[in-house]
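The values are calculated or read from the model by the stated rules, or taken from the named source; none is laboratory data. All values derive from a computational prediction rather than experimental measurement. FYI the Cβ positions are ideal-geometry reconstructions off the backbone, even for glycines, and counts take in every protein chain you see.
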């Protein structure tokens, strides 16, 4: 098929990311041709050009995507399952619609998770005891005279690490937190509402902060000093490669 770009051709040079593998740079026409010729799903690949603060789903870059739809008569075959044809131009930024899975989770009722300070302290004491015993065995008992000092260190450093874990994680992973008062897209809103639904089901009084960070790894984590100040972060690789059920399974307590 001969492809010709009927839209305005910009001077940008675009990078493409498919399942964590980057290629480019491409001109707009080269990018559209590459996606078409290789049968790449436009809602499952990311694009970026100089001046953009973050990678975006190709199908949400309206100028590129509008031209691509004109060029490709087979786009409907590439569309994600259950995406109505009349809404092809409204593909979610993260490639997932979390509304259905959130409704299912909400109807499941409460999980009933209960925190216990006693259990936390017990595990803390056991961990420190294990370290002290190990050092005593390795040193043949020579380090037992330093037992008080070791216990102080074993209590102090984990507490400091936990206290600053939130800020350290945000800076280390460059996490972009979702603003619940100003969602950038419907997909951000859906992801936040998924975490909100899971939080309510788990009996949490406060919804954790929800963030996204750029990484090809399929990963997610939560950290923080307590339940009121603990963010939940999802990697872009996880959101790009798992469907809404998979993301919900990872996020579930």
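Table for the structure above
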| quantity | calculated |
| --- | --- |
| Residue satisfying condition, being in contact with a helix residue (DSSP H, G or I) (Cβ under 6 Å, 6 or more places away or on another chain) and either at pLDDT 75 or above or assigned to a helix (DSSP H, G or I) (or both), within set 101, 168 | 101 |
| Subset tally (residues that are crowded, with 17+ Cβ neighbours inside 10 Å and either without any contact (Cβ under 8 Å) to a residue 12 or more places away in the chain or part of a strand (DSSP E or B) (or both)) for the stretch 206-221 | 5 |
| In the stretch 222-239, residue surrounded by the most Cβ atoms within 10 Å (Cβ to Cβ) [restricted to those that are without any contact (Cβ under 8 Å) to a residue 24 or more places away in the chain and out of contact with any helix residue (DSSP H, G or I) (no Cβ under 8 Å at 6 or more places or on another chain)] | 235 |
| Index of the failed condition, residue 222 passing every other in (1) farther than 17 Å from residue 169 by Cα; (2) under 12 Å from the mean Cα position of the chain (by Cα) | (1) |
| Flag if residue 31 is in contact with a strand residue (DSSP E or B) (Cβ under 8 Å, 6 or more places away or on another chain), at pLDDT 85 or above, buried (at least 20 other Cβ atoms within 10 Å of the Cβ) and part of a helix (DSSP H, G or I) | yes |
| Unmet criterion (only one of (1) modelled with pLDDT of 60 or more; (2) part of a loop (DSSP other than H, G, I, E, B); (3) touching a strand residue (DSSP E or B) at 6+ places or on another chain (Cβ under 6 Å)) for residue 93 | (1) |
| Some residue of the stretch 113-120 being at negative phi, in a helix (DSSP H, G or I) and at pLDDT 70 or above | yes |
| In the stretch 8-23, the residues that are at pLDDT below 85 and either over 25 Å from residue 235 (Cβ atoms) or surrounded by 14 or more Cβ atoms within 10 Å (Cβ to Cβ) (or both) | 8, 9, 10, 11, 12, 20 |
| Only one of 215, 185 that is touching a helix residue (DSSP H, G or I) at 6+ places or on another chain (Cβ under 9 Å) and modelled with pLDDT of 85 or more | 215 |
